[in-house]
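What follows draws every value from the coordinates through simple rules; no lab data is involved. The model shown is predicted, which means the values in this text are computed figures rather than measured ones. Note: ideal-geometry Cβ built from the backbone for every residue, glycine included; neighbour counts use all protein chains shown.
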Ligand code: ADP
Ligand code: ZN
Ligand code: ZN
């Protein structure tokens, strides 16, 4: 007798097929089983899903129902918890469950047959040789400090979620290692997940976990899941996590969907990092889903940061004031002499116009070079100059396809659009008036590198008698940004040079400020950070503060060098509260000031937001789509309840690659009210697309809890 199955398949985000499809099967298969099913002319991977509890979902009439092609029953079904996580994420972020579920599985699962999979699973079994395992005492765990001990004790005795608020270098990673170690020793099946913002930038973390746990549980006990893996590697990690063989999964945001049957602990390191938010498809926040998943599965959750997101900071206020997370404090850095660097502000109002490096900063840089120490200079703008302009007429290097300027790259004398990629050789004459004098306006990292080479040309770093230049050698400057690291492996080799001491001054974008452990750097300088102070994006100050604190935390981590390390900030607003707080390394003061502003303005975390973005051939069509959807929404009961729909506006970069972009903000004081409204409104959004005024609409998407407004 045939059985009816509900099967989730990957459906286009806005197709009418939102729920599972019905298929027949010879035998009953439990929910979570992977299957292969026919859809149209194709065969697709699907997941047997729970029978719908909601009759509004379209179910294809049984007489038209096809049979599944195969069941991939070599793989255990995905758990009820996993399915619930997917369903929650789909409904919260307004996407189809099929899209979320299938995107969370390794791509290779789609291509392999059941037999191929069975073979792969067999090959894996028996890989860990028992003789490779060592006695538990073979690991070199360090004795925790008093602050670490206190944090660990709270972790052990309370439920969380926890916010581990610890200075850079306070030993947060050591706390994660310790908590994982205790868990794995106590429960023979238990699994832990550790998420980092960019695993490619932090191989150090992977090495620390492997070093600590491979001797205890075998080399396969630690696996990673991130987009840098090849498809076979990703499948291998995924299977190890899913089978329970991997005890620890390290990964980027995608890891939050890893199937882990015995998940007991989730760590989200650098929880403030914007890269935890997915920016396409289902725009989920891996940090927020981690907290949800922890509650769902009974796993403890630790969010860690030296500069928490204001959301997490707010959630971790005292319980009497409504806080839901428990704050664990580790204010001190490990080791003697590794105090946080001294912060020095240079008032650029007192410098000659167009100064790039103020004399005091330049002197400080020269001194470091002469002493053989390393410095890091960062500027969030790559290329040589953000704009090229004519000195005679008002021609500027606008991109013909975007509402943005093309950036001048001197290295290959090109003008490149950083939005659509259009690259052309720099014109010899002004394209508008023929004037040969076209000038770079403003500066990027390429310019900084060149300029520093001139300014430091006469400085000698210390030499030794047996070197070619006993009286010292010229300065070595390197640049790390998206341009210098385009080739595979380039970033790693450039970082290795810095670590090996082959670089005196490192110039770069925020790429160098984040996550890397540059122990020998004793000076960090932000040459032009002011634009974030007055940005239209209300989160810009928060991001700047965290970036500067992170950058400062990179400096002088080697004992002995810490005492003399400095963080320099060149600014036209030296008394801005952000810099005052930075000077004192006082995140709580900064957070209090920002939260007060946000509360007064009714902004997150005191309100909840969603954005609808529309892309179309014309700005009119993009806005028409949003405006009609907004007008139609007025009839909904849920739109009357604590929800504000703002008018449609062009996005800050209005046009990219000839596509016009517009957005509309929806705000509510209540997360529940916002969710109710969005779910009611979704059918209207789908239907609005076919309105005549929306002709030319290319795509639209909802972004719940958006990070960039
Ligand atoms: P964070 O993650 O907070 O930046 P880490 O965990 O990386 O800090 O610790 C900073 C440095 O201090 C690392 O080199 C680490 O090995 C060391 N460390 C951490 N905890 C201890 C400890 N209890 N005793 C000695 N060294 C420690
Ligand atoms: Zn001109
Ligand atoms: Zn462009």
Size of segment 385-442 as Cα extents on the principal axes (Å, biggest first)
28, 24, 19
Alpha carbon convex hull of segment 525-637, projected area averaged over orientations, nm²:
11.2
Helical mean residue ellipticity (222 nm; -39500 (n - 2.57) per DSSP H run of 4+; nearest 500) of the chain:
-9000 deg cm²/dmol
Efficiency by 1/(1 + (r/R0)^6): what FRET value for residue 601 and residue 457, r their Cβ-Cβ distance, R0 = 56 Å, to the nearest 0.05?
0.70
Share antiparallel - DSSP beta bridges, the chain, percent rounded to 5:
50
At 4 °C and 1.567 mPa s, what whole-number value in µm²/s does Stokes-Einstein give for the translational diffusion of segment 224-373, with Rh from the Kirkwood sum over Cα pairs?
67
Nearest-ten-degree value, helix 114-124 long axis tilted from longest Cα axis of the chain:
50
A student applying the Cα gyration tensor rule (rounded when a/c is under 1.5; otherwise prolate if a/b is larger than b/c, oblate if not) would label the chain oblate
What base-10 log of the normalised intensity I(q)/I(0) is obtained for segment 273-317 from the Debye formula, alpha carbons as equal point scatterers, at q = 0.29, 0.31 Å⁻¹?
-1.14, -1.17
So what's the convex hull volume per residue for the Cα atoms of segment 293-421, in Å³?
305
Given 0.36 nm per residue, what is the gain on full extension from residue 533 to residue 411 after removing their alpha carbon distance, in nm?
40.8 nm
Expressed in nm to one decimal, what extension gain is obtained for the pair residue 349 and residue 66 from 0.36 nm per residue of sequence separation less their Cα-Cα distance?
94.5 nm
Net length gained if the chain between residue 593 and residue 496 were fully extended (0.36 nm per residue, minus Cα distance):
31.0 nm
Classify segment 326-374 as rounded, prolate or oblate, taking a ≥ b ≥ c as the square roots of the eigenvalues of its Cα gyration tensor: rounded when a/c is under 1.5, otherwise prolate if a/b is larger than b/c and oblate if not.
oblate
Using the alpha-carbon atoms, what tilt in degrees (0 to 90, nearest 10) does helix 587-601 show relative to the longest principal axis of the chain?
60
10 Å binning of all Cα-Cα separations within segment 130-330, expressed as whole percents from 0 upward:
9, 37, 39, 14, 2, 0
By average C-beta atoms within 10 angstrom, highest first, the peptides 475-486, 541-552, 686-697:
541-552, 475-486, 686-697
If you take the square roots of the eigenvalues of the alpha-carbon gyration tensor of segment 598-709 and sort them as a ≥ b ≥ c, do you get rounded (a/c under 1.5), prolate (a/b over b/c) or oblate?
oblate
Divide the volume of the convex hull of the Cα atoms of segment 613-653 by its number of residues and quote the answer in cubic angstrom per residue.
67
In degrees, nearest 10, the alpha-carbon axis of helix 671-688 is tilted away from the dominant principal axis of the alpha carbons of the chain by 70
Span from the segment 309-351 Cα centroid across to the segment 221-239 one, whole angstrom
34
